[in-house]
Amino acid sequence: MADPPGAVGWWLREALATEPASSEAPSAENLGPFDVAIVGGGYTGLWTAWWLTERLPGARIAIIEQGICGGGPSGRNGGFVHGWWDQLPYLLERFGPDDALRLAHLVDAAVGTIGEWCEANDVDAWYRHGGYLRVSASAAQDGEWRSAVEACAGLGVADQYVELSAAEIQARCASPAMRGGALMRNAATVQPARLARGLRLALGARGVTILEGTRVTRLRPGSPVQLETERGPIGAEQVVLALNAWAAGWRDFATTLLAWGSHIVLTEPIPGRLAELGWTGGEAIADARFTVHYFRTTPDGRLAFGAGVGAAGYGGRVDRRYDSDPRAEERACASLRRFFPILADVRIDDAWGGPIDISPDRLPMIGSRHGGRVHFAHGFSGNGVAPAVFAGRVLAGLIDEPQGELARLPIVDRRLRHFPPEPVRFAGVRVVREALIRRDEAEDAGRRPPAMVRFFASLPRLLGYRFGAGKPPSSQPIGQVAND
């Protein structure tokens, strides 16, 4: 496993600097036993703990985190809060109309839940309900959203995802690179680290034990489940693995999860320049590349611009390359200038990265192992802020009501295609990653990618995975720093 992450990126440093002095976690030396021990202090683990305190008041719950809560992708991502309406064609194909619509509504509800939770718990996470724009920035991307728009209309939810003309896109953000697009109205942005740290504080106030700086080195199934840590053994009746990309380094998940890097650059405050662009509505924006560009504004007028062009690790290892990758950051900077040439002279104040956890079908993997005593959720594939709220509800349901309605959702314990073992996986991911980046960059420039690039970019799709070139319009792009 990797070294514990520290305070990587502007989001997390800003959140820690504004955190109350009385934020020390309670019961830091309490090693149990617990009713539920949650490994991982990101969104998935934090929301699972929150819903458990709602369902099981008085339960002994611990969050065990190798670094600090929110120190991983939950404190580094783009802060996009939206649901799965753009994934509806695949949900229909996989689960049928009734379950597809039900899953989409459940995840969509999480958008409002986050805003309501922040208000109720006095957490200023910069929640802004400004919608989500999916745009085309090249001829190859035109109409990528159309099948999802049509699927929404076909299921009677046409207002959830609406196609916009080029003029309508320009009225919201006048980037010369952006053509047509689609609007997901029920979407928001947050300061992701403030949300994670706010959850931590609220859970501490509810009596949840927070064990930060505590790495789990081994899990031993049994009754209770035993977690070996650097502080000593911890026993719990049930365990939740909320590991994000770190799950790729655990034996049980090694062939069903990939870790991929994504990187963000952040400008100095430029509120006047954003006003010149007409970008004042708080929209979260992403293009339709596979190695997606994603960008949003902040309350003080900064522009955060990300790109899913980072590295992949061997054997699921998450190392320091995910924190900072100069080449990936240079690519993100160059793309920012291409989208917004009027910002060519704007200073870049910070740059950082993080891993995203990619499942074979690009949907979260949620389920239970070891006789229903060990539960897990990961594989958010670049969209985890809202889906982690949903996943936390499901995990809490699996613990409290293992035969209940949430446990019977078709996304739980579904069958998945496996990735190849190492070293084939590592070599293949490196080749495919570079091919996908080069393909996207060639299409951005209006060029046809070379034949070899096209072949390797299409290889995952040819092998039956839900990513790569030749993907159906319902496919989700790689790239936002992992959100759970």
Please name which of Gln87, Gly156, Thr280 has its Cα lying farthest along the dipole of the chain towards the positive end, using unit charges on Cβ (Lys, Arg +1; Asp, Glu -1) and the Cα centre as origin. Gln87
Segment 20-127, relative contact order [Cα under 8 Å, separation at least 6], %: 20
With no solvent and one equal point scatterer per Cα, compute the Debye intensity ratio I(q)/I(0) for segment 383-433 at 0.26 Å⁻¹ and report its log10, rounded to two decimals. -0.92
Is any residue of segment 243-275 close enough, with backbone N under 18 Å, to a label point placed 7 angstrom from the Cα of Tyr314 along the Cα-Cβ axis, and if so, which? 248-251, 254-255, 258-261
Towards the positive end of the charge dipole of the chain, with charges on Cβ (+1 Lys, Arg; -1 Asp, Glu), say which of Gln66, Ala100, Gly261 has the farthest Cα. Gly261
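Treating only the Cβ atoms of Lys and Arg (+1) and Asp and Glu (-1) as charged, compute the dipole magnitude of segment 373-423 about its Cα centre; round to the nearest 20 debye. Can you show the working numbers first?
Numbers: 6 positive and 5 negative charges, 32 e Å.
It works out to roughly 160 debye.
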May I ask you to give the percent of accessible area on the chain that is carbon plus sulfur, with a probe radius of 1.4 Å? 52
Alpha-carbon centroid distance for the pair segment 72-115 / segment 264-325, whole angstrom: 20
Which FRET efficiency, nearest 0.05, do Ala167 and Asn121 yield, Cβ-Cβ r, R0 35 Å? 0.30
Within the chain, which complete DSSP H helices have Cα atoms spanning at least 24 Å along the helix axis and a mean Kyte-Doolittle hydropathy of -1.0 or higher? 97-120, 424-444
Could you work out [θ]222 nm for the chain from helices alone, using -39500 (n - 2.57) per DSSP H run of at least four and dividing by all its residues? Round to the nearest 500 deg cm²/dmol. -10000 deg cm²/dmol
Under a 1.4 Å probe, what is the accessible area of the chain per residue, stated in Å²? 35
Which order do Asp413, Asp122 take by accessible area at a 1.4 Å probe, largest first? Asp122, Asp413
Once you have the Cα-Cα distance between Ala334 and Ser223, take 0.36 nm times their residue separation minus that, and quote the gain in nm to one decimal. 34.6 nm
Normalised per residue, the volume inside the convex hull of the alpha-carbon atoms of segment 334-407 in Å³ amounts to 144
Using +1 on the beta carbon of Lys and Arg, -1 on that of Asp and Glu, and nothing else charged, what's the dipole of the chain about the Cα centre, debye to 20? 1400
Segment 1-142 - charge dipole about Cα centre, Lys and Arg +1 at Cβ, Asp and Glu -1, debye rounded to 20: 200
When only alpha-carbon atoms are used, what values of Rg and Dmax, in angstrom, describe the chain? 21.0, 62
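How much length would be gained if the chain were fully extended between His129 and Arg347, taking 0.36 nm per residue of separation minus their Cα-Cα distance, in nm to one decimal?
Working: separation 218, 0.36 × 218 = 78.48 nm, distance 2.73 nm.
Working it through step by step, the gained length comes to 75.8 nm.
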Over 19 Å, how big is the tail of the calculated P(r) for segment 119-230, in percent of all Cα pairs? 66
Identify, among Ile38, Pro326, Trp51, the residue whose Cα sits farthest towards the positive end of the charge dipole of the chain, taking +1 on the Cβ of Lys and Arg and -1 on the Cβ of Asp and Glu, with the dipole about the Cα centre. Pro326
What translational diffusion coefficient, to the nearest whole µm²/s, does segment 193-308 have by Stokes-Einstein, given a Kirkwood radius computed over alpha-carbon pairs, a temperature of 4 °C and 1.567 mPa s viscosity? 71
Fraction of antiparallel bridges per DSSP, the chain only, in percent to nearest 5: 70
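The values are calculated or read from the model by the stated rules, or taken from the named source; none is laboratory data. Since this is a predicted model, take the numbers as computed values, not measurements. Neighbour counts are summed over all protein chains in view; Cβ atoms, including those assigned to glycine, are modelled from backbone coordinates with ideal geometry. Only protein heavy atoms, including side chains, enter the accessible area calculation; ligands, DNA and RNA are left aside. Shrake-Rupley method; radii C 1.70, N 1.55, O 1.52, S 1.80 Å.
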